[in-house]
Amino acid sequence: MKANRGFTLVELVMVIVLLAIVATISVRFVALSTQGAVDVGSRQLRSFSAVVVSEQISRALREALPGSVRVDGSGSCIEWMPVTAASNYLNLPRGANPDSFEAAPLAGGASASASGRVVVYSYGSNLYSTVSPGPVSPPATLPSGASPVTVTFDGGANHRFSTQSPERKFFIIDEPRTFCQQGRFLFRYRDYGIQSSIASALPAGMPRREVLAANLVVDSLRFEVVPPSLQRNGVVSFSFELTSPQTGEVTSVSQEVQIRNVP
């Protein structure tokens, strides 16, 4: 008869050692694969956030009134006046107490109207001063209707414009807006009125202060402005860095926005 044979202790130990090696390699492989997927997802999320932030800033600044864009001393805040409508005037306010003027209706049709401050030929002037005479009027209303329409300053206010436009053009603008970085957040401010200096009297909470982005590297946002002139368009360049709270990786972004010169 043949004797029954089993595993020796040495064989059993070798099998255990080999299984431990295979298990270690497998666990390490799975861990690296999982970490790679997490890193790729984090990079994609930062890239998507960077595109959204850049597009939000670019779209807002493209609607800025030429000459209204300004930055603070650190370059972390930028302010502008958004254009909501534009048309041509037939005459500017005149008389002892000028409170209205005639203009062509908006191109949107008989029902198109607009309200806001009127700006006439803003180049070389301080757009954040509403003195009369000056380029920026008090709040006004441009009604709908057949040509000509009468643009009236709200509340019976009076205003004279300091100069005329070569193309008899005027803009209707909304109240100023501001982008400003504070800590790791990028905020958008609105409805705080015209202030003599940038980043002053900004709202402290919702709805006039909105979070546009988070996870910015502290003090990484920088705006630079090349103002427009009669010969060239204005250009705003900005850059910022986004970081991942999970991995600590940083994505750098830079972009330029052209502000068209339309006197």
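The values are calculated or read from the model by the stated rules, or taken from the named source; none is laboratory data. Quick caveat: nothing in here was measured; it's all calculated off a predicted structure. No Cβ is skipped: glycine too gets one built from the backbone with ideal geometry, and neighbour counts run over all protein chains shown. Just so you know, the surface numbers come from the protein's heavy atoms only, side chains and all, with ligands and any DNA or RNA stripped out. Shrake-Rupley method; radii C 1.70, N 1.55, O 1.52, S 1.80 Å.
Results, tabulated for the structure shown:
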item	result
Under Karplus coefficients 6.51, -1.76 and 1.60, residue-wise ³J(HN,Hα) of the stretch 216-225 in Hz, glycine/proline x	7, 5, 4, 6, 8, 7, 9, 10, 9, 10
Cβ charges +1 (Lys, Arg) and -1 (Asp, Glu), total dipole of the chain, debye	460 debye
For the stretch 191-199, 3J(HN,Hα) per residue [Karplus equation, 6.51 cos²θ - 1.76 cosθ + 1.60, θ = phi - 60°, Hz, x = Gly/Pro]	6, 10, x, 7, 10, 5, 10, 6, 6
Per residue solvent-accessible surface (Å²) - the chain, probe of 1.4 Å	55 Å²
Label-point separation in nm, residue 195 to residue 55, each point 7 Å along Cα→Cβ	3.0 nm
Extreme residue, positive dipole direction of the chain, given options 242, 24, 82 (C-beta unit charges)	24
For residue 140, distant residues with modelled amide H under 5 Å away	116, 117, 118, 154
Sum of -39500 (n - 2.57) over DSSP H runs of 4+, divided by residues of the chain (222 nm, nearest 500)	-7500 deg cm²/dmol
Extent along principal axes [Cα atoms of the stretch 109-234; Å; largest to smallest]	52, 35, 29
Cα centre as origin, Lys/Arg/Asp/Glu Cβ charges: the stretch 108-261 dipole, Debye	360 debye
Over the chain, relative contact order from alpha-carbon pairs under 8 Å, at least 6 apart, %	19 percent
Charge dipole (the chain, unit charges on Cβ, about Cα centre) - positive-most of 130, 56, 115	56
Angle in degrees between helix 9-62 and the longest Cα principal axis of the chain, rounded to the nearest 10	0 degrees
